[in-house]
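Participant: First, the structure itself, so that you have it in front of you.
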Amino acid sequence: PLTSAAATLDLLLGSASTMKLPPALIRVTLMLFLSFWGRELTMDINDAPEDDAANIPTVPVVYSRKFASRAAAGLAMAAASVSLFRWYTGWRQFLLSVTGCAWHLWHAWGVVKSQGEDSEIVEHAVEGGKLSVLLWMASFL
């Protein structure tokens, strides 16, 4: 996610800053960045025991699974906000966006409720994130 963000920032602020990018492209890029970052953080929650044993300083290892689950939920809310709060050209876009947001936030809430301790819920949230992103992407078409 950080590489994608760096490339986007370079495109937006770097040598191509005179180029006018469509707001929808910026919104999609930001939404994807936030959702992928949250998904990576959620995947790290399940890897915490192995990462701790290998001395890999991931967020769940350094700060706790509870903190990581809340941070991932915050990123999910931010991604949902980017997808949801925009102009729509039709009901189909709106319904796809709302459905993707509801699906994503439902799974994020499950991880927060379990404080990242239930690996099955965490894994289900990681897999559910794929459908959310698919719905969000379809809502931009």
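Participant: Mind putting a number on the dipole of the chain about its Cα centre? Charges go on the C-beta only, +1 for Lys and Arg and -1 for Asp and Glu, and I need it in Debye to the nearest 20.
Facilitator: Dipole magnitude for the chain comes out near 880 debye.
Participant: Ignoring any ligand, DNA or RNA, what whole percent of the accessible area of segment 5-141 comes from carbon and sulfur when the probe is 1.4 angstrom?
Facilitator: 68
Participant: What number in nm² do you get for segment 89-136 if you take the convex hull of its Cα atoms and divide its surface by four?
Facilitator: Dividing the Cα hull surface by four gives the mean projection, 3.0 nm².
The values are calculated or read from the model by the stated rules, or taken from the named source; none is laboratory data. What you see is a predicted model, and the numbers here were worked out from it, not measured in a lab. Cβ: placed from backbone, ideal geometry, glycine included. Neighbour counts: every protein chain shown. Just so you know, the surface numbers come from the protein's heavy atoms only, side chains and all, with ligands and any DNA or RNA stripped out. Shrake-Rupley method; radii C 1.70, N 1.55, O 1.52, S 1.80 Å.
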